[in-house]
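Heads up, the thing below is written out as structure tokens.
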Amino acid sequence: MTAPSPAPDLARLPGVDPAWSRRVTVADSTGTKHEWHLLDNGVTDPVGTLLCVHGNPTWSYLWRRLVAAAPPGWRVIAPDQLGMGFSERLTELRPLAQRVADLGDLTAALGVTGPVITVGHDWGGVISLGWALQHREQLRGVVLGNTAVAMPPGDLGPALIRLAHAPGVRPAATVGTPLFVRATTALSRPALPAAVRDAFAAPYATAERRRSVGDFVADIPFAPGHPSRATQEAIAEGIRDLDVPALLLWGPRDPVFGERYLADLRGRLPHAQLHRYEGASHLVTEDAPQYAKAIAQWVADLTEGRPAAPSRPAAEATDRHPWSALTDRATDDSPAVVEVAGGTGDGAWTTGGMVTWAGLSRRVEDLAAGLVAAGVGPGTRVGMLVEPSADLTAAVYAVWRAGAVIVVADKGLGLRGMRRALRGAGVGAVIGSAQGLAAARVMGLPGLRIAAGGVSPAAARALGATTTLAELEQRGTTAASPAVAAPDADCAVLFTSGATGPAKGVVYTQRQAVAQLDLVRSTYGLTPADRLVAAFAPFAILGPALGIGSVVPDIDVTAPGSLTAAKLADATAAAGGTVVFASPAALRRVVATAGELTDAQRSALGGVRLLMSAGAPVPLSLLQQLRAVLPAAEAHTPYGMTEALPVTDVSAAEIEAADAGDGVCVGLPLAGVEVRVSALTPTGRSEGDLTEVPGVTGEVCVRAAHVKDRYDALWATERISSRNPGWHRTGDVGHLDAEGRLWIEGRLPHVVTTAGGVVTPVGIEQRVEALPGVSAAAVVGVGPAGAQVVAVVVVPAGTRPSRLPGAAARLAPADSDLAAAVRAAAGTEVAAVLTTGRLPVDIRHESKVDRTAVARAAGALLAGTGGSRRRS
């Protein structure tokens, strides 16, 4: 027996069009008729159908944004499952197999013939996949939100659902009260609007109307003998050979379906593309409303036949690998790595803080064999939680030699950010120092743990490690040599600094890494006679790959301000350094402490022939000041980012020779690198065609053989960044000049959109910072997009330090003289000039100003809700 459902009053629910609401009567396999309610965008003669299946305890309201964002020509059908939403009520449990059959009966009654893309969430994921397996001839693709099709080995099921499933709890929590219904929409942070939470609860106002909510929970086959277990297992196994495109959209903060369920799904659908919406919880469709446009774009790409992996310029065919320089110098007893502070390497293979090329090559080969023997082989992702040292160098090259993938997320992200990054990257092993292993335990990282840094076996076991690098090295002496990884195999996932949003994992293949090494080597004329002093985290381990010896100063490379002139000189002397790579923040500290240098230290620095600095714009004034510290060094500032480094290069002399421009001159594109810009609209969107016309301001776009392969687990982000096939959109804004040089004017999110047009910040900041009364400046927009006004926030001269990681300091109006000077220098209309004690910057570089935070503080002050209300 069934009970009719009242007509929904969709007009009062936010975000849904009542015209989408339909009711149909459909007979099931027994001939019994049931009344369904569904949302249907009503497209006739569609090019395809999106079949959207909700879970428990939601309803078709879950898919309202997708119905609204339907790809052109596509029909979107989102039914309320029987007993749910505003479909008719049931008086008995409907098991999984019947639910799948019901969905088939409905699509047949609606005349759905294909192509069909199924879209499922929660328990609707399993049901939609069941439909997909039974309708392969109609199936074009599958999309899944947070869901599960099986319990991974050793897993007992989601704890919250098991609690609701308990016989003593289920009747009260799921039927007798609205607890389960309300709890589902309470998982999101920040909280969903009250009107949206009420809309999800609207069909479930009484216990009678919640009966199927409880029945859905009862039908979850936790136990092997459960009536629906065989159907669930058949679906779980059946999807392994689904040969259609798949897209997974995931909320990583889901307390119900955590990382293990995502890993299980990816194991069954290894070809699936994935996007993780950071901050999203179980209701990913609510926490990440942009999901609808992502699905629409994915469907459009399938329709248009866009390749899943856009083509990029191919690197020259080569048999080289990132570790090839070690093989080349396997009999060389000269220094490969010098440890200034004594390091953390095992005494058996270091001599006086120095590791030879022969010793490093031998250790890498043995470690690689030991890693493979321990199960860390091709494709395994390995979290690297070791401080820069000889151990880190050996471990990185051994992982590469084993065909595995290093995952690097520096501690500047904080434990929470590192946990998100490393767990999201799917690490299967961790190599850590004592501090790193302790952090891995706090972060709850899965997989094998390997101790580095001279940690004793007993201490390693206490820290959760099952072996040490020394033990693996010994094991590798008798193990088979690993097979060489394919050139297009992944070799690294490098996380961005998180300076302009959540840190993103950037994937490189072996081929792309080799192309990057070749470009750096040829651009700067590096030879085996050079020695690299690496005070910049990304380059701290690349010396051996470049075929040159290297040393890391006695500093924390993730804290650039810890580098002093004396420490730089000591490292240079220890290794006979000829090349220095350091961030702008580190070099500012070097200049500030240069007065403490001894004659011997100055002599050591006098042997440096090349200075490189990257990570943020490098002021010409800083490069000029460094001439007194590194008198023989030619200063270069390569421009690039985690996704592509280097892209361009410019020397201090070339900057001096260039006419003043609006932004920072970063030079000409390097050999094999193409640079274009995509012009900005008046609202600050980069929608123009790619162009190299001089003077056009737009988003900087790059194409080269060494550009990243993709963003990891961020399909939608990668799709946006590579929407011009073969090109990477950097998020930086700039222009090309008549000589082909690139000028950087800021970041795309920091562009100010005024009523008179777009204003970019960097040129204004440079002019303001040239004033004698200013040590640092940030230009931000205040107000709604398209009608913003320009505010300039300055740190008055004499304030030290002017840039610090952390939140923005309190703002106040500038005095009239300073305000007048700033307005005169800005070159554009300035609505307000404010002062602060410091500008907030990222932790990794201590250089990239968080203009978004500054804009919030400025907006609050000017609105009268923060700081002083007096304007200047």
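Quote the Stokes-Einstein diffusion coefficient, in whole µm² s⁻¹, for segment 444-534, based on the Kirkwood radius over alpha carbon pairs, a temperature of 25 °C and a viscosity of 0.890 mPa s.
D = 143 µm²/s.
In terms of modelled amide H atoms, which long-range or inter-chain residues lie less than 5 Å from the amide H of Thr147?
Asp122
On the protein heavy atoms, probe 1.4 angstrom, tell me the percent of accessible surface of the chain carried by carbon and sulfur.
Of the solvent-accessible surface of the chain, carbon and sulfur hold 55 percent.
For segment 61-109, compute Rh as the Kirkwood radius over C-alpha pairs and then the Stokes-Einstein diffusion coefficient at 10 °C and 1.306 mPa s; write the answer in µm²/s, rounded to an integer.
So the translational diffusion coefficient is about 127 µm²/s.
For segment 153-198 and segment 745-760, compute the distance between their C-alpha centroids and round to whole Å.
Measuring centre to centre over Cα atoms gives 45 Å.
So, in Å, what gap is there between the alpha-carbon centers of segment 620-675 and segment 266-282?
39
Along segment 447-463, what does the Karplus equation 6.51 cos²θ - 1.76 cosθ + 1.60 (θ = phi - 60°) give for ³J(HN,Hα), rounded to whole Hz, x for Gly and Pro?
For segment 447-463, the Karplus curve yields x, 5, 10, 10, 8, 10, x, x, 5, 5, x, 5, 5, 4, 5, 5, 8 Hz.
Can you run phi through the Karplus equation (6.51, -1.76, 1.60; θ = phi - 60°) for segment 239-245 and list ³J(HN,Hα) in whole Hz, with x for Gly and Pro?
Coupling constants for segment 239-245: 6, 4, 10, 5, 9, 10, x Hz.
In square nanometres, what is one fourth of the surface area of the convex hull spanned by the alpha carbons of segment 324-669? Please report the intermediate quantities before stating the final value.
Values: hull surface 66.7 nm².
It is 16.7 nm².
Cα to Cα, under 18 Å, and not fewer than 8 places away if on the same chain: which aspartates and glutamates meet these conditions relative to Lys567?
Within the straight-line limit of under 18 Å, Lys567 reaches these aspartates and glutamates: Glu339, Glu387, Asp554, Asp556, Glu596, Asp599.
Antiparallel versus total DSSP beta bridges in segment 22-141: what percent is that, nearest 5? Don't jump to the answer; show the numbers that get you there.
On the way: 9 of 20 bridges.
Around 45 percent of the beta bridges assigned by DSSP in segment 22-141 are antiparallel ones.
Sort Glu365, Glu137 by heavy-atom solvent-accessible area, probe 1.4 angstrom, most to least.
Glu137, Glu365
Whole-Å semi-axes of the chain's equivalent ellipsoid, largest first, each the root of 5 times a Cα gyration tensor eigenvalue?
51, 35, 24
What accessible area per residue comes out for the chain, rounded to a whole number of Å², with a 1.4 Å probe?
I get 37 Å² per residue for the chain.
In terms of the Cα gyration tensor, with a ≥ b ≥ c the square roots of its eigenvalues, is segment 362-433 rounded because a/c is under 1.5, prolate because a/b exceeds b/c, or oblate?
Oblate, because a/c is 1.5 or more while a/b does not exceed b/c.
Just to confirm the number: angle between the C-alpha axis of helix 123-134 and the first principal axis of the chain, 0 to 90 degrees, nearest 10?
Taking the Cα atoms of the chain, the angle to 123-134 is about 80 degrees.
When all protein chains stay in place, what accessible area (Å², nearest 10, 1.4 Å probe) is found for Asp155?
Its accessible surface works out to 30 Å², give or take rounding.
Counting only the heavy atoms of the protein chains, how much of Val707 is accessible to a 1.4 Å probe, in Å² to the nearest 10?
0
Under the classification rounded if a/c is under 1.5, otherwise prolate if a/b is larger than b/c and oblate if not, where does segment 1-158 fall, given a ≥ b ≥ c as square roots of the Cα gyration tensor eigenvalues?
Verdict is rounded for segment 1-158.
At 1.4 Å probe size, put Asp366, Asp530, Asp599 in order of accessible surface, largest to smallest.
The most accessible residue leads, giving Asp599, Asp366, Asp530.
For the chain, with the dipole built from +1 on Lys and Arg beta-carbon atoms and -1 on Asp and Glu ones, taken about the Cα centre, which of Thr185, Thr836, Cys665 lies farthest toward the positive end?
Thr185
Alpha carbon centre of segment 12-65 versus segment 71-133: separation in Å?
9
As I understand it, the value is the acute angle between the Cα axis of helix 259-268 and the longest principal axis of the Cα atoms of the chain; what does it come to in degrees, rounded to 10?
80
In whole Hz, with x marking every Gly and Pro, tabulate ³J(HN,Hα) for segment 414-429 from phi via Karplus 6.51 cos²θ - 1.76 cosθ + 1.60, θ = phi - 60°.
x, 4, 5, x, 5, 4, 4, 5, 6, 5, x, 6, x, 5, x, 7
Please express the Cα-Cα pair-distance distribution P(r) of segment 695-754 as a list of whole percents, one per 10 Å bin, running from 0 to the bin with the greatest distance.
Spelled out per bin, shortest first, that is 21, 46, 29, 5.
Helix 229-238 sits at what angle to the longest principal axis of the chain, using alpha carbons and giving 0 to 90 degrees rounded to 10?
Approximately 50 degrees, to the nearest ten.
Please work out whether segment 540-614 counts as rounded, prolate or oblate from its C-alpha gyration tensor, where a ≥ b ≥ c are the square roots of the eigenvalues and a/c under 1.5 means rounded, while otherwise a/b larger than b/c means prolate and anything else oblate?
Note, shape of segment 540-614 comes out oblate.
Can you give the longest run of the chain that contains no trypsin sites (Lys or Arg not before Pro) sitting in a DSSP loop with at most 11 other Cβ atoms inside 10 Å?
Answer - 1-868.
Ranked from the most accessible area to the least, with a 1.4 Å probe and all protein chains present, what is the order of Met84, Met151?
Values: Met84 0, Met151 55 Å².
Result of the area sort, largest leading: Met151, Met84.
Based on DSSP H runs of at least 4 residues, each adding -39500 (n - 2.57), what is the mean residue ellipticity at 222 nm of the chain after dividing by all its residues, to the nearest 500 deg cm²/dmol? Don't jump to the answer; show the numbers that get you there.
Working: 29 runs with 265 residues, N = 872.
That calculation yields -8500 deg cm²/dmol at 222 nm.
Could you calculate the FRET efficiency of Ala109 with Ala234 from 1/(1 + (r/R0)^6), where r is the beta carbon distance between them and R0 is 22 Å, rounded to 0.05?
Given R0 = 22 Å and the Cβ-Cβ separation, E is 0.35.
Counting only DSSP beta bridges with both residues in the chain, tell me the antiparallel percent, nearest 5.
Close to 50 percent.
Given H placed 1.01 Å from N in the peptide plane, which residues other than close sequence neighbours of Met612 have an amide H under 5 Å from its amide H?
It is Val580, Phe581, Ala582, His636, by chain and number.
The values are calculated or read from the model by the stated rules, or taken from the named source; none is laboratory data. All of these numbers come straight from a predicted model, not from anything done at the bench. Cβ sites come from the backbone with ideal geometry, for glycine too, and all protein chains shown count toward neighbours. Just so you know, the surface numbers come from the protein's heavy atoms only, side chains and all, with ligands and any DNA or RNA stripped out. Shrake-Rupley method; radii C 1.70, N 1.55, O 1.52, S 1.80 Å.
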